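Below you'll find the structure, written out as structure tokens, and then a few comments.
The values are calculated or read from the model by the stated rules, or taken from the named source; none is laboratory data. Since the structure is predicted, the reported quantities are computational estimates derived from the model, not experimental observations. Note that we place each Cβ from the backbone using ideal geometry, even for glycine, and neighbour counts take in every protein chain shown.
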Amino acid sequence: MSKLLVNRRIAAAASQGFLCIYCRLPMCEGDPDGFARRYGLSLRQALLLRCTAEHLRARMDGGGDGKANVAAACAHCNMLRHRARDPLSPLAFAAHVQHRLKRGAWLPAGMLGKLGGRGGPGGVVRRS
Ligand SMILES: [Zn+2]
């Protein structure tokens with residue numbers, strides 16, 4: 001990955017408060033062991049939340065490394081979005097992820113609770 005793209009990713013992550021643009025969960029930037037310890041995750045789980053550069057318009061569709069096209073997404077969301085044969089738009093994918101999160105059907109079982117039950121506006125776990 002180019003240095004420019006690394007810088008773009010880190011800048012995007014910082015502007016997003018180090019939350020994934022899709023699932024809004026904390027992302028792991030730089031220290032997977034520390035991240036795993038902090039949230040009580042396995043290393044494998046921490047790596048799912050590794051901070052990656054997300055091309056809002058995929059490179060294969062002509063999207064570049066410009067600031068406006070690069071956001072920060074966790075590895076899990078990034079991989080699943082681009083694995084689809086016909087990837088959803090960023091907005092539609094974010095809605096899809098939030099819907100799945102609310103049903104507990106996005107991350108491996110037990111992970112969300114360890115992350116504080118966050119995930120989108122209002123959070124997944126509503127407290128009255
Ligand atoms: Zn995510």
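Specify which of the listed residues (Ala92, Ala105) is modelled with pLDDT of 95 or more and surrounded by fewer than 12 Cβ atoms within 10 Å (Cβ to Cβ).
The conditions single out Ala92.
Which one of these is under 23 Å from Ala109 (Cβ atoms) and either of a type outside the set (A, V, I, L, M, F, W, C) or without any contact (Cβ under 8 Å) to a residue 60 or more places away in the chain (or both): Ala95, Ala53?
None of the other options fit; the residue is Ala95.
How many residues are touching a strand residue (DSSP E or B) at 6+ places or on another chain (Cβ under 9 Å), more than 9 Å from the ligand (Cβ to nearest atom) and not in a loop (DSSP other than H, G, I, E, B) when one looks only at segment 55-80?
The qualifying residues number 7.
Scan segment 60-92 for residues that are free of Cβ contacts under 8 Å to residues at least 40 places away in the same chain, farther than 19 Å from Leu47 by Cβ and aliphatic (A, V, I, L, M) and jot them down.
Those that are free of Cβ contacts under 8 Å to residues at least 40 places away in the same chain, farther than 19 Å from Leu47 by Cβ and aliphatic (A, V, I, L, M): Met60, Ala68, Ala84, Leu88, Leu91, Ala92.
State yes or no: is Cys20 touching a Lys or Arg at 6+ places or on another chain (Cβ under 7 Å), in contact (Cβ under 8 Å) with a residue 12 or more places away in the chain, within 21 Å of Ala84 (Cα to Cα) and not aliphatic (A, V, I, L, M)?
Here the answer is no, as Cys20 does not meet what is asked.
For segment 86-94, does any single residue satisfy the condition of being among the small types (Gly, Ala, Ser), part of a helix (DSSP H, G or I), away from the ligand (no atom under 13 Å from the Cβ) and closer than 13 Å to Tyr22 by Cα? Before you say what the answer is, go through the steps one by one.
From segment 86-94, those among the small types (Gly, Ala, Ser) are 89, 92, 94; that's our starting set.
Next, only the ones that are part of a helix (DSSP H, G or I) stay: 92, 94.
Those left that are additionally away from the ligand (no atom under 13 Å from the Cβ): 92.
Now restrict to residues that are closer than 13 Å to Tyr22 by Cα: 92.
Yes, some residue in segment 86-94 is among the small types (Gly, Ala, Ser), part of a helix (DSSP H, G or I), away from the ligand (no atom under 13 Å from the Cβ) and closer than 13 Å to Tyr22 by Cα.
With the condition kept exactly as written, say whether any residue in segment 54-65 is out of contact with any helix residue (DSSP H, G or I) (no Cβ under 6 Å at 6 or more places or on another chain), farther than 22 Å from Pro90 by Cα and surrounded by fewer than 15 Cβ atoms within 10 Å (Cβ to Cβ).
No, there is no match, as no residue in segment 54-65 is out of contact with any helix residue (DSSP H, G or I) (no Cβ under 6 Å at 6 or more places or on another chain), farther than 22 Å from Pro90 by Cα and surrounded by fewer than 15 Cβ atoms within 10 Å (Cβ to Cβ).
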